[in-house]
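Novice: Once you've had a glance at the structure underneath, I'll fire off some questions.
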Amino acid sequence: MTLHLFDTATRAARALVPLTPGQVRVYVCGATVQGGPHIGHMRMAVAFDVLVRWLRRSGLDVTLVRNVTDIDDKILTKSAEAGVPWWAWAQRFEREFTAAYDALGVLPPTYEPRATGHVTEMVELMERLVERGHAYVTGAGDVWFDVRSFPEYGALTNQRPEDLTPADDEADQPDGEGSVKRHPHDFALWKATKPSDPATASWPTPYGRGRPGWHLECSAMAEKYLGETFDIHGGGLDLRFPHHENEQAQSRAAGHGFAQLWMHSAWVTQGGAKMSKSLGNSLMVASILEQAPAVALRYALTAVQYRSMLEYTPETLHEAEATWTRLAGFVERATERLGRSHDLDAVRTAPLPAGFTAAMDDDLNVPAALAVVHEHLRRGNTLLADGSDEQVEAEVLALRGMLDVLGLDPVQWGGAGQGSLAETALDALVRAELDARARARAEKDWTTADAVRDRLAGAGIVVEDSPTGARWSLVHDQED
Ligand SMILES: [Zn+2]
């Protein structure tokens, strides 16, 4: 079976056939950096991170572009209220997003272009649309996309022109006085500068100074980094309309093939309703990470299929943490038993269980893939008790290989203890104690040997003797 993905444009699962054999080019809409990251942003990032990891594990060379929208109405308004330059506001939150992606193990994109670094490309695309009769200029230099000039408009979201909701997005409103668009569905490619705008937030165009509308940047940046036609365009479900419909209209009206397949990740719900801004800070990544380790949030966001709503409660996080701790605990015990850990090359070249591969190829069905992971966890734990080293090794490689695809490999996360530095230090101290005990035993000095053992037990450390030497673990690690 090859990878099938649900294409939102055709509303059907389709086999992914890369335009260039062996290579997949993906564009994902990134953050508008007007505020800090919340769990909804991270859900989308994690969904596409799993896609990229699975494509790479399947032997494909992936180019991922995820843009940063660093100029828009909200950034201008909020920065003005805060009394700081708009770029300072944008960069502050761009850094917060980067920190959140890193904390959750989201791999960096191949390219992460900022809108303001691509104004020339946007103006060129806009000029092309004006020349081809798909865009027009009004007022002091507002430029509009002419929806009626493009019969395909509405195709991405399966809407007939008469059913479309008017483009009343804040980003699509005219700024200039007396600037009237021809049709209610026309949307802004470019907004003429207003007297109240900072002088630094406008760029020259043949039609006057102004700044880009939101949709234009993605068409321009996708073309620059991925070419006129590329494999997959992704984003959150709420971007389908109008943002993605408009992106596609701009690029196709300019003569480009644009995305061949569209993927949309569902949002996070609370009490069955879409997460809303009124929930305040509780769902900001920074505040969640004060309550639980980052890997627990990563697990919770990964465990649900990307097209299913993720119903979030604080318990979601605790359950995820408990489950991940069991997985990490097995990897830790297996590594101790084998006396070595495998490097990533070994993890990424060991065969994956067929059930896992089939589940991932089925539109990234992570819940089914995790069922296979848990089967292997159960088998691995049994083998730790009565299997051979070879059997344990095969299980730990399979388990780590699967978890690596999901961005959850315990070794890369620093092990079950989370505090890898503290754990390494503790291990060194306990090993010194165990060496002293081994020497005492070799000299038949049972009093000293027992004293070491008692001292460790008093500190909550249990020692088990095995044919390969003494192993230690913390008392609370003895469950399951
Ligand atoms: Zn976009």
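The values are calculated or read from the model by the stated rules, or taken from the named source; none is laboratory data. Bear in mind that the values here come from a model prediction, so they are computed numbers and not experimental data. As a convention, Cβ positions derive from the backbone with ideal geometry for all residues, glycine included, and neighbour counts pool all protein chains shown. These accessible areas exclude ligands, DNA and RNA; they are computed on the full protein's heavy atoms, side chains included. Shrake-Rupley method; radii C 1.70, N 1.55, O 1.52, S 1.80 Å.
Novice: Ignoring ligands, DNA and RNA, how do GLU319, GLU152 rank by accessible area with a 1.4 Å probe, largest first? Each step should come with its number before you reach the end.
Specialist: Numbers: GLU319 120, GLU152 70 Å².
Putting GLU319, GLU152 in descending order of accessible area: GLU319, GLU152.
Novice: What's the center-to-center distance, using Cα atoms, between the range 1-56 and the range 109-164 in Å?
Specialist: Comparing the Cα centres of the range 1-56 and the range 109-164, I get a distance of 23 Å.
Novice: For the residue pair THR165 and ALA346, what label-to-label distance in nm results when each label sits 7 Å from Cα along the Cα-to-beta-carbon direction?
Specialist: Result: 5.4 nm between the two label points.
Novice: Using +1 at the C-beta of Lys and Arg and -1 at the C-beta of Asp and Glu, which of ALA99, VAL46, SER79 has the Cα lying farthest in the positive direction of the dipole of the range 1-114?
Specialist: Sorting the options by dipole projection puts first VAL46.
Novice: Given Cβ point charges of +1 (Lys, Arg) and -1 (Asp, Glu) and nothing else, what value in debye, to the nearest 20, does the dipole of the range 1-141 about its Cα centre take?
Specialist: Dipole of the range 1-141, to the nearest 20 debye: 520 debye.
Novice: Further question on the same structure: How many percent of DSSP beta bridges within the chain run antiparallel, rounded to 5? Please list the in-between numbers first.
Specialist: Values: 25 of 47 bridges.
So the antiparallel bridges in the chain amount to around 55 percent.
Novice: Right, next: Taking a probe of 1.4 Å, how large is the accessible area per residue of the range 17-119, in Å²? Provide the component values of the computation, followed by the final result.
Specialist: Numbers: 3870 Å² over 103 residues.
With the other protein chains kept in place, the range 17-119 gives 38 Å² per residue.
Novice: Further question on the same structure: Label LYS274 and ASP386 with points 7 Å out from Cα along Cα→Cβ: what is the distance between them in nm?
Specialist: Label-label distance for LYS274 and ASP386, simple model: 5.4 nm.
Novice: Using only DSSP helix segments of four residues or longer, with each worth -39500 (n - 2.57), what per-residue ellipticity at 222 nm results for the chain after dividing by its residue count and rounding to 500? Spell out each step's value before the answer.
Specialist: Values: 15 runs with 211 residues, N = 480.
Only helices count here, giving -14000 deg cm²/dmol.
Novice: Now a separate question. Test of understanding: what is the full-extension gain from ASP454 to ALA82, defined as 0.36 nm times their sequence separation minus their Cα-Cα distance? Before the final figure, lay out the partial values.
Specialist: Details: separation 372, 0.36 × 372 = 133.92 nm, distance 6.02 nm.
Here the answer is 127.9 nm.
Novice: Let me ask you something else. Straight-line reach from LYS274: which lysines fall under 26 Å, measuring Cα to Cα and dropping same-chain residues less than 8 apart?
Specialist: Within reach: LYS74, LYS78.
Novice: For ASP409, list long-range residues whose amide hydrogen, built 1.01 Å from N in the peptide plane, is under 5 Å from its own amide hydrogen.
Specialist: Sorted by chain and number, the residues that satisfy this are ASP404.
Novice: Can you give me the solvent accessible area of THR138 with a 1.4 Å probe, rounded to the nearest 10 Å²?
Specialist: Here the accessible area works out near 20 Å².
Novice: Treating the beta-carbon of each Lys and Arg as +1 and of each Asp and Glu as -1, no other charges, what is the dipole magnitude of the chain about its Cα centre, to the nearest 20 debye? Mind showing how you got there, number by number?
Specialist: Values: 46 positive and 68 negative charges, 73 e Å.
Using Cβ point charges on Lys, Arg, Asp and Glu, the chain gives about 360 debye.
Novice: Pop out the carbon and sulfur fraction of the accessible area of the range 254-305 as a percent, whole number, probe 1.4 Å.
Specialist: Here carbon and sulfur together make up 55 percent of the probe-accessible area.
Novice: Skip the ligands, DNA and RNA, and give the accessible area per residue of the range 356-466 with a 1.4 Å probe, whole Å². Write out the running numbers ahead of the final one.
Specialist: Numbers: 5320 Å² over 111 residues.
Here the residues of the range 356-466 average 48 Å² of exposed surface.
Novice: Rounded to a whole number of µm²/s, how large is the Stokes-Einstein D of the range 281-372 at 37 °C and 0.692 mPa s, given Rh as the Kirkwood radius over C-alpha pairs? It would help to have the intermediate numbers written out before the result.
Specialist: Details: Rh = 15.2 Å.
After rounding, the answer is 216 µm²/s.
Novice: Towards the positive end of the charge dipole of the chain, with charges on Cβ (+1 Lys, Arg; -1 Asp, Glu), say which of TYR306, GLY36, LEU261 has the farthest Cα.
Specialist: Among TYR306, GLY36, LEU261, the one farthest towards the positive end of the dipole of the chain is LEU261.
Novice: Sticking with this structure for a sec: Hey, if you put +1 on the Cβ of every Lys and Arg and -1 on every Asp and Glu Cβ in the range 362-457, which of GLY387, ALA440, ALA425 ends up farthest toward the positive end of that dipole?
Specialist: My answer, from the dipole projection, is ALA440.
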